[in-house]
Amino acid sequence: MFRVRPLFRSRFFPPPLSPPHVPPSSPSSLSPSLWRLQPTFASRQRPLAEECPASSALQRRWLWRRRRRQRRSRGSCQGQPAGPLGGPPASRGAAPRGSMAMNYNAKDEVDGGPPCAPGGSAKTRRPDNTAFKQQRLPAWQPILTAGTVLPIFFIIGLIFIPIGIGIFVTSNNIREIEIDYTGTEPSSPCNKCLSPDVTPCICTINFTLEKSFEGNVFMYYGLSNFYQNHRRYVKSRDDSQLNGDSSALLNPSKECEPYRRNEDKPIAPCGAIANSMFNDTLELFLIGNDSYPIPIALKKKGIAWWTDKNVKFRNPPGGDNLKERFKGTTKPVNWLKPVYMLDSDPDNNGFINEDFIVWMRTAALPTFRKLYRLIERKSDLHPTLPAGRYSLNVTYNYPVHYFDGRKRMILSTISWMGGKNPFLGIAYIAVGSISFLLGVVLLVINHKYRNSSNTADITI
Amino acid sequence: ARSESINGIYFLKSCLLFSLSQDTDMYYIGNDTPAMARTSNLNEELGQVKYLFSDKTGTLTCNIMNFKKCSIAGVTYGSVRMPPPCSDSCDFDDPRLLKNIEDRHPTAPCIQEFLTLLAVCHTVVPEKDGDNIIYQASSPDEAALVKGAKKLGFVFTARTPFSVIIEAVSNMRIVRVKWHVYCKYDTITQHCTDLGNLLGKENDVALIIDGHTLKYALSFEVRRSFLDLALSCKAVICCRVSPLQKSEIVDVVKKRVKAITLAIGDGANDVGMIQTAHVGVGISGNEGMQATNNSDYAIAQFSYLEKLLLVHGAWSYNRVTKCILYCFYKNVVLYIIELWFAFVNGFSGQILFERWCIGLYNVIFTALPPFTLGIFERSCTQESMLRFPQLYKITQNGEGFNTKVFWGHCINALVHSLILFWFPMKALEHDTVLTSGHATDYLFVGNIVYTYVVVTVCLKAGLETTAWTKFSHLAVWGSMLTWLVFFGIYSTIWPTIPIAPDMRGQATMVLSSAHFWLGLFLVPTACLIEDVAWRAAKHTCKKTLLEEVQELETKSRVLGKAVLRDSNGKRLNERDRLIKRLGRKTPPTLFRGSSLQQGVPHGYAFSQEEHGAVSQEEVIRAYDTTKKKSRKK
């Protein structure tokens, strides 16, 4: 294979056949090797224009093309430093090199030949010189060194520790009492209720508040070892049914299986969550000096999320009679009474019963609390629950002992950050301290290594 | 989620390729050719190239050969630096050489011998044009040597079938062609001297081997020892090699060393090696499209390879690895949380988050940070990358992505997920965090954790970012904001749009909880404080070259860009040199790569022909330029 064939010397140049037919820019469509010699040979070492008189128009055109190529490359090399390094183009066409280019320039202007400047063609593939495309977007380049991040660590420490102390103190000021009434211990008053035979079983537990509870007091029930977050449990509900959808009422979602239908009737509300609803009744009495228990007013409305009560849970449409609206359905198997008999108040009955709604929000952990009742503050002068002896009356319906569960009743006041939980305060203090400690470590590091730099590697 | 990440990586690579083709520094105005990437999955390999195979003629030299330097009897003549005014024929300008002849220096006979050899041993055909002699050479190096000899007074004037005629300094003598054998060696050595200069490497560590020898060196018995020898050299120069041998060398090296190889060439004879190497680069525009069409990257000038590797290669590697590691990190963080949750839900498979929130995690809420990391990240500026080629070692050795780094990120993610899950879980364990006293549910915890995850993961992306462009800000802060906005809207659509009933009302409750806001500052801080401290300590104790350069950049920006100006100055010098080189460029060989060549895998880079009935050499030797009258028309 010849890449360059020296046999064709310049006196035959340009060879008679191909020039006009060959577009110089497309090497693929060319007549083969005949042609390959020309650039190496004739193009630069001899004044070509003299030797090949531009007699025929075709030839001239061809010559022009060749020269344009040459001039282009020359232009880019000499006058156009923009090529490789992106600088501004300098005076192009200054001092064209060699006699040929001179000739060409002169003739071209006389003939009014086609324009052939390097950038002469309107469309160039030159990429846009924008900061975005050239990847020169202005950027902030933070450098993390011990010296620069030191203040951040100390500032975090100084901010977090006081916040943590504040939260911790707030949490500690919250009054909270927990009464376990599971009754697994033989001494417990509720021990008798463990047997399923005793119905209804009512037990009373006495307790003492050492300090009075001020402000609104919230009554919770708490369950332990109850996996409300189990996958099959969580999805075993039909939100359309609970939203009052008539078709879903009579044809609950398959997710509710195996608590979907009972005795060929659809269960309302269907599913495992509803079926396992907490149904103990808790009552609270203040035992005064004269051993005559004063009942504490427990408010049962307002314990559910507003959106749940007013948007998410709706009774099925129909007449005034709630029983009529639930016609054709049956109660969940474990329930003692149907859903339309949960409460006498029509605004707290059926699906919009707040105890039911609260239960339907499944907890994240197997030990959880749910809001049961509100004890509203009566006046500013008297504490809501003064210190003293109280008794808790439990109508014990909800069995937990067979899965080793526990049941609790919790009385709690609430601060701006919710109920009692020292964790967040401790965490703030801990993180703040760690940050402070890291700051000290970095300070030491900074001092130790400040002057040792291996800048020798690179020089400006 | 994994497939989303993978698609993301592909998209990212396409973006990187786009940025490569948009580089004006790699745009050659001469033939209106920008750099072009023809494959989409090799960006990071560009940053790991350890062995570079380059075609010489055409590619490296732009077909320009100059006689610049020579070594005769142990004395080196000529300077390495190119003198500013460059003539077409010869840059060689060392008066010592001629002076040594005149002064009867002990090496004078050697010098004369050398120059004689230069003048006679070649296949150049002289043409008389009045007083001028024009040398028609099949390869530019021969022409350069003959011109060099001419300049030094040993003028090659005519050729006959059995002799060549030269005019030496004082006397005319006819030298017979049998000298030819010596000459070849001289040519090669001389040629390699040129090449060595171009490569910027010391000649004494370069192994030089020609095609015939290579045939034996690559035979099975000695292949291994040849490779050991070759790999121990800084540079290996193979002369007069066939295309097949070119690709064979690449293949052998590729198999022997576990490193990325790159081949660059411009002609059809380089196609084999371009295809064999991991990364093939074609010089576009000069010698047809053969090399370009078979390459992974097409650039217009050999000199652009520097930027292709040092800037785009290293950047791409950095970006892709950072992006991959980050994608791993963020997914591990989120999904390991589900594992922690499994411990408290009886391993039932319940997920802590709402399903669409999980689904959109990689698609929307943390989609932008990997892209800004992958597209706009730059460890240091282009100028620095070019000024400190040592930086390429970082990517070359794969320091950005290896088992250690990978597991480091995984463990980091594990620790983060622990904090991200258990801190909120413990803070919310009594379900009584609302001022209204209402109890909360699992999704309440889930949404809080999810918010912390998004915030932490976005901030972590910020921590990984060394260059914060406006897009980085948009990605980091915008992602967090997007999630909050989505959260707000998503919590209100049931039952209007029948999805996400359990999300209904969540946003109001979560956002009104003091615990949420307190935790929002605590948890991400708790996660990232260790990262920041670790990085700062490492930076201070054991500064890497990269960090050194970064500091230098910052300093230079502060000191009125003194350093960069300096660097620009250097670039300008290089530019001058480049321009000069281009100025002497002969017009490129046109019309190569015809169908004729496509079918034939053989051929020589050096305008030599093998297996021909009549070799080119013989044809040239048959010339008799003294009889030119008879050939004139």
Taking R0 as 41 Å, what's the FRET efficiency between B:Leu481 and A:Arg232 from their Cβ-Cβ distance, rounded to 0.05? 0.65
For a quick check: with amide H placed at 1.01 Å from N, whose amide H comes under 5 Å from A:Asp180's, ignoring anything fewer than 5 positions away on the same chain? A:Met409
To the nearest 10 square angstrom, what accessible area does B:His473 show with a 1.4 Å probe? 70 Å²
Using a 1.4 Å probe, how large is the accessible area of A:Tyr398, given in Å² and rounded to the nearest 10? 20 Å²
Compute for chains B and A the buried accessible surface, both sides summed, probe 1.4 Å, and express it in Å² to the nearest 100. 12300 Å²
Could you please put B:Lys151, A:Lys331, A:Lys309 in sequence from largest to smallest accessible area, using a 1.4 Å probe? B:Lys151, A:Lys331, A:Lys309
Ignoring ligands and nucleic acids, A:Trp416 exposes an accessible area, probe 1.4 Å, in Å² to the nearest 10, of 130 Å²
Give me the net charge of B:Tyr304's neighbourhood, meaning all other residues with Cβ under 12 Å from the Cβ of B:Tyr304; Lys, Arg count +1, Asp, Glu -1. -2
Simple spin-label estimate for B:Thr157/A:His401, 7 Å along Cα→Cβ, in nm, reads 12.9 nm
Integer Hz, Karplus 6.51/-1.76/1.60 couplings in order for segment B:312-329, x for Gly and Pro: 6, x, 5, 4, 4, 4, 4, 5, 4, 5, 4, 5, 5, 4, 5, 4, 4, 3
Accessible area per residue for segment A:175-414 in Å², computed with a 1.4 Å probe and the full protein assembly in place, what is it? 46 Å²
In segment B:337-365, what residues drop by 10 Å² or more in accessible surface going from the chain by itself to the full protein assembly, probe 1.4 Å? B:Phe341, B:Val344, B:Asn345, B:Gly346, B:Ser348, B:Gly349, B:Gln350
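Which net charge results for the neighbourhood of A:Tyr398, defined as the other residues with beta-carbon distances under 13 angstrom from its beta-carbon, given Lys and Arg at +1 and Asp and Glu at -1?
Values: positive: A:Lys370, A:Arg406, A:Lys407, A:Arg408; negative: A:Asp280, A:Asp355.
So the environment of A:Tyr398 carries a net charge of +2.
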Once you've got the Cα coordinates, tell me which of B:Lys69/B:Lys128; A:Lys331/A:Lys420; A:Lys309/B:Lys426; B:Lys50/B:Lys542; A:Lys327/A:Lys407 are over 32 Å apart. A:Lys331/A:Lys420; A:Lys327/A:Lys407
For B:Trp340 and B:Lys555, extending 7 Å from Cα along the Cα-Cβ vector and measuring point to point gives, in nm, a value of 4.2 nm
Count, for each residue of A:123-130, the Cβ atoms from other chains sitting within 10 Å of its Cβ, then give me the mean as a whole number. 5
HN-Hα J in Hz across segment B:297-305 - Karplus 6.51, -1.76, 1.60, θ = phi - 60°, x for Gly and Pro: 10, 10, 10, 8, 9, 4, 5, 6, 4
A:Lys300 paired with B:Leu511, simple spin-label distance in nm, labels 7 Å along Cα-to-beta-carbon: 3.4 nm
Can you work out the Karplus-derived ³J(HN,Hα) for every residue in segment B:458-471? Use 6.51 cos²θ - 1.76 cosθ + 1.60 with θ = phi - 60°, whole Hz, and x for glycine or proline. 5, 5, 4, 4, x, 5, 6, 6, 9, 10, 8, 8, 4, 6
For B:Thr33, what residues show an amide H to amide H distance below 5 Å, using hydrogens built from the backbone and excluding near sequence neighbours? B:Tyr28
Mind listing the long-range amide H neighbours of A:Leu342? Cut-off is under 5 Å, sequence gap 5 or more, other chains count too, H placed in the peptide plane at 1.01 Å from N. A:Gly350
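The values are calculated or read from the model by the stated rules, or taken from the named source; none is laboratory data. Worth saying up front: this structure is predicted, and the values here are computed from it rather than measured. Using ideal geometry, Cβ is built from the backbone for each residue, glycine included, and neighbour counts are taken over all protein chains shown. The protein model used for the area step is the full one, side chains on, heavy atoms only, and it has no ligands, DNA or RNA in it. Shrake-Rupley method; radii C 1.70, N 1.55, O 1.52, S 1.80 Å.
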